[in-house]
Structure formats: C-alpha cells, structure tokens
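Trainee: Below: one structure in structure tokens.
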Amino acid sequence: MNKIPMTVEGFNRLQEELKRLKSTDRPAIIRAIAEARTHGDLAENAEYHAARERQSFIEGRVAELEDKIARAEVIDTSKLSGSVIKFGATVTLADEETDEEQTFRIVGEDEADIRNGRLSVTSPLARALIGKGEGDNVEVSTPRGNKSYEIVTMSFSPKPAAAARKRGKARAAR
C-alpha cells in the first residue's frame, strides 16, 4: 500500500470533507431519495434518478477519502528544516527570461492549487526542485518548451512572502 504524503492542513481538510459527507450530505440525499419515491413511478422520476446519481457520487467520494486518509503520511512541515528543498518547502522562483517571481509551497497531490501557490510534489516543477537549494537553477520541460528558474528563497515556513519580496527587491537592484 503506497503512502500519500500530505501536510497536516491537507489531512485536516480531507477529514473535514469526509465528516461533512457522512454527517450532512449523506443523510440529506437519503431524505431526497425517500421524498422522490413518494412522487410515484420511479422509471420516469427525474428527481429520483438525480438523487440516486448524487448518492452514488457521495458514496464514491467517501470511499476515496477513507482510502486516502488510511494511506496518508502526514508530514508536519513546521518541524522541517534544512537548506535543500523537500516536501513542505516554500520556494520563491525567478523566471530567468522575465525575472518574474512566483512563490510555491510543495504539498501533496490532493492539496495542490497552483492559483494559491500550492504545488503538487508529483508535478514536474516540484520534482525538478527537490534536492536543490537557494541560488540553484532548474530547467523544467513544459508544454510551451523548456523553462529555466533560479531559486531565490527556500524555507519551511508556510508564508515567507514578505521575506521573498525583500529578497526580490534586493535581487532586482543587482
């Protein structure tokens, strides 16, 4: 059984979703199915079929969440340290072509949200970053061609944005 790495926050979100599905959504859909049954012929009852479809989705998601929670390898990133990038690190990268900086936190697959700066540990960029340190350069193959980045900062604090901005200004002054 493969372990799934995730942060404490990601694990808690999965548990909260599972709890909501079991305690709120599941009972609500059971009531909706019961009510739809009272409307007569089930073969032509759209409400009944929609409710059954929703129930199927909920049960599938419950099974999926239970599996992920059982296989979770929860990593408390607040206890991590070091000078090389690994799971849980927050990294500020500078695009070598545009000098544009972006900050990402390397998290588990289920936590990834690129718009909010959470990068999946299995993504090509994260895989290229693992084991590197501040000042290193990485090249990543993307659908638009190869991209090169310089690692500006690296920490295990979830929100080093202020420090990254200060370093970014200093870097731009060079």
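Trainee: Filter the stretch 1-57 down to the residues that are β-branched (Val, Ile, Thr) and touching a helix residue (DSSP H, G or I) at 6+ places or on another chain (Cβ under 8 Å), then identify the one that is farthest from Leu119 (Cα to Cα). Walk me through how you get there before you give the answer.
Mentor: Taking the stretch 1-57 first, the residues β-branched (Val, Ile, Thr) are 4, 7-8, 24, 29-30, 33, 38.
With touching a helix residue (DSSP H, G or I) at 6+ places or on another chain (Cβ under 8 Å) added as a condition, the list becomes 4, 7-8, 29-30, 33.
Details: Ile4: 15, Thr7: 12, Val8: 16, Ile29: 34, Ile30: 37, Ile33: 39 Å.
Within the stretch 1-57, the match that is farthest from Leu119 (Cα to Cα) is Ile33.
Trainee: Taking only pairs six or more apart or across chains, which ones have beta-carbon atoms under 8 Å, a first residue in the stretch 119-141 that is over 13 Å from Ile151 (Cα atoms), and a second residue that is in a loop (DSSP other than H, G, I, E, B) and modelled with pLDDT of 90 or more?
Mentor: The qualifying pairs are Leu119/Ala112; Ser120/Gly108; Ser120/Ala112; Val121/Phe87; Val121/Gly108; Val121/Ile130; Ser123/Ala112; Arg127/Val121.
Trainee: Would you check which residues across the stretch 56-111 are part of a loop (DSSP other than H, G, I, E, B) and polar (S, T, N, Q) and list them? It would help to see each step written out before you state the result.
Mentor: Quick first cut of the stretch 56-111, residues part of a loop (DSSP other than H, G, I, E, B) only: 76, 80-89, 96-100, 108.
Selection gives Ser81, Ser83, Thr98.
Trainee: Please enumerate the residues belonging to the stretch 27-48 that are closer than 14 Å to Glu59 by Cβ and not hydrophobic (A, V, I, L, M, F, W, C).
Mentor: Pro27
Trainee: Can you list residue pairs whose Cβ atoms sit under 8 Å apart, with the first residue in the stretch 27-55 being among the aromatic types (Phe, Trp, Tyr) and the second being in a helix (DSSP H, G or I)? Count only pairs 6 or more apart in sequence or on different chains.
Mentor: Close Cβ pairs satisfying both conditions: Tyr48/Ile33; Tyr48/Ala36; Tyr48/Arg37; Tyr48/Leu42.
The values are calculated or read from the model by the stated rules, or taken from the named source; none is laboratory data. In this text, all values refer to a predicted model and were calculated from it rather than measured experimentally. Reconstructed Cβ throughout: ideal geometry from the backbone, glycine too, with neighbour counts over all protein chains shown.
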